1. Please list, ordered by first then second residue, the pairs with beta carbon atoms under 9 Å, 6 or more apart or interchain, first in the range 159-188 and within 13 Å of ASN100 (Cα to Cα), second among the aromatic types (Phe, Trp, Tyr) and modelled with pLDDT of 90 or more.
2. Looking only at helices (runs of 4 or more DSSP H) that lie completely in the range 364-443, which have at least 2 residues being out of contact with any Leu (no Cβ under 9 Å at 6 or more places or on another chain) and polar (S, T, N, Q)?
3. Give me the helices (runs of 4 or more DSSP H) completely within the range 1-112, filtered to those with at least 2 residues that are modelled with pLDDT of 90 or more and open to solvent by 50 Å² or more (accessible area, probe 1.4 Å), ordered by residue number.
4. Go through the range 194-253 and give me each residue that's of a type in the set (A, V, I, L, M, F, W, C), assigned to a loop (DSSP other than H, G, I, E, B) and under 15 Å from ARG275 (Cα atoms).
5. Report whether or not GLU298 is under 20 Å from THR199 (Cα atoms), under 26 Å from the mean Cα position of the chain (by Cα) and surrounded by fewer than 19 Cβ atoms within 10 Å (Cβ to Cβ).
6. I need a count of the residues in the range 239-268 that are of a type in the set (Asp, Glu) and within 26 Å of the chain's Cα centre (by Cα).
7. Quick one: which of GLU330, GLU405 is under 27 Å from GLN290 (Cβ atoms) and surrounded by 22 or more Cβ atoms within 10 Å (Cβ to Cβ)?
8. Which members of the range 214-234 meet the condition of being acidic (Asp, Glu), farther than 14 Å from LYS248 by Cα and open to solvent by 50 Å² or more (accessible area, probe 1.4 Å)?
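The values are calculated or read from the model by the stated rules, or taken from the named source; none is laboratory data. Since we're looking at a predicted model, the values are computed, not measured. Cβ coordinates were reconstructed from backbone atoms using ideal geometry, including for glycine residues, and neighbour counts include every protein chain displayed. With ligands, DNA and RNA removed, areas are computed over all heavy atoms of the protein, side chains included. Shrake-Rupley method; radii C 1.70, N 1.55, O 1.52, S 1.80 Å.
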Amino acid sequence: MTADIRFFWARLNANYWFYPALFSIIAAVLAFSLVWLDRSGWAQALNEADWLIPARPKGAADMLTVMAGSMIGVASTVFSITLVAVTYASGNYGPRLLTNFLEDRGNQLSLATFIGSFVYALVVLRSVRAEDETPAAGSGAADALPGFVPQLSLLVAYILMAVCVGVLVFFLNHIPSSIRINKVIEGIGERLLRAIRETYPVEDEFSDPVEQAGGEVLTAWGTGYVQLIDFDDLKQVARGCGGTFSLKVRTGDFVHRDLALMEIDGCKPDDVEDRVRQCFTLGPSRTPEQDPQFLIDELVEIGLRALSPGINDPFTAITALHWLGAATSEIGRRDLRKDICGEDEDDCPIIPLPDNFAHYVKRGFGSIRSAVATSAIAAEVMLDVISHAATPMRDERRQQILRDEGRLLGEQARLVLIGPDLVTFDEHAAAFDRSFWTDSAAG
């Protein structure tokens, strides 16, 4: 499967319209199937049941009309509320978070339920026949009777109405909950931790990425962000030509024409260029697929906005720092060699662009450091977060990288903090240094 197909399928599930369209098709198929059962006489027992009063044609038509009208009205309201929430969140937390809200399964499934119920009601409504109407040509058992009411289909419509009421209550609770900043950061953080575990599955090993092999340069052919790399197909291309591919870009990088995409050792770039192109997807924006750094950047963006003079909300930044610390600690305990060819293959022909631990620390803590240094409380918390992130690590080199990051924060904070804030920070920085010496002695 090429990168374009894989990426299309991944993004298809994330599109806001996918589930409403899917539920509409399912609702239409369900409605036609149940109406067929009613016309064939399979649901005749419902007309004779004591616990169910059979509906008459006018009552059934009125009920389905009300259901269809109310469902499309509620769907419009749900869509409007979602747009308001998305506008608020993207304006306050950052435009890159727009994708997170559009991909939210609660929002997608709520809208899908109402639109699907609307389609179901319309399809069933067209089958209701008044007593004075002439039946359409057909061999259904119900066509011989005056009027026709699909009792089974109508019963399912009642059930769908009850489901829609429950979904509406859920939605009205979900929307205000989903735009709470702590909930937003939690969603990004949890997704980041999952991405780290999937990208680097081996724990308690501290090998850095494999060094690249070099070779002839294969340049990019288009312009845009690398959205997905199909490593399986790329591996097959490399094995087919007997070469080694050293990637010069990672997922999420921006490329343009004639920029180095990879170095090929062992075969000619011209011989594999067409097949290599099918293994890369380029697009106008970054996506979370294969790109944990995209999620790190989202946390950093929230923290930077919160610490900007116009907002001045250090506690939101502190929450972002806590999740950055959890992600950094998770990365620091893992083997940072990407498992492209499997654990049993030592001669993997694909060498990704190295992402060592220092790279991730710089991308996270290093990117937010300058803003954190301007806030005394955020700077103290960041020192604690760095110390806590280093505690579970068993590799002294990675602990030293975190200690150096804390030292850089101290140097920057001392340039902007004054008075009691500076005195308190210096005391905290001294405790930070002592904690690292203690951990080193214990190790």
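1. Once the first residue is within 13 Å of ASN100 (Cα to Cα) and sits in the range 159-188, its partners that are among the aromatic types (Phe, Trp, Tyr) and modelled with pLDDT of 90 or more give ILE185/TRP323; GLU186/TRP323; ILE188/TRP323.
2. 396-413, 419-442
3. Per the criteria, 18-39, 57-93.
4. ALA220, TRP221
5. no
6. Adding up the residues that qualify gives 1.
7. Every option except GLU405 fails the conditions.
8. ASP232
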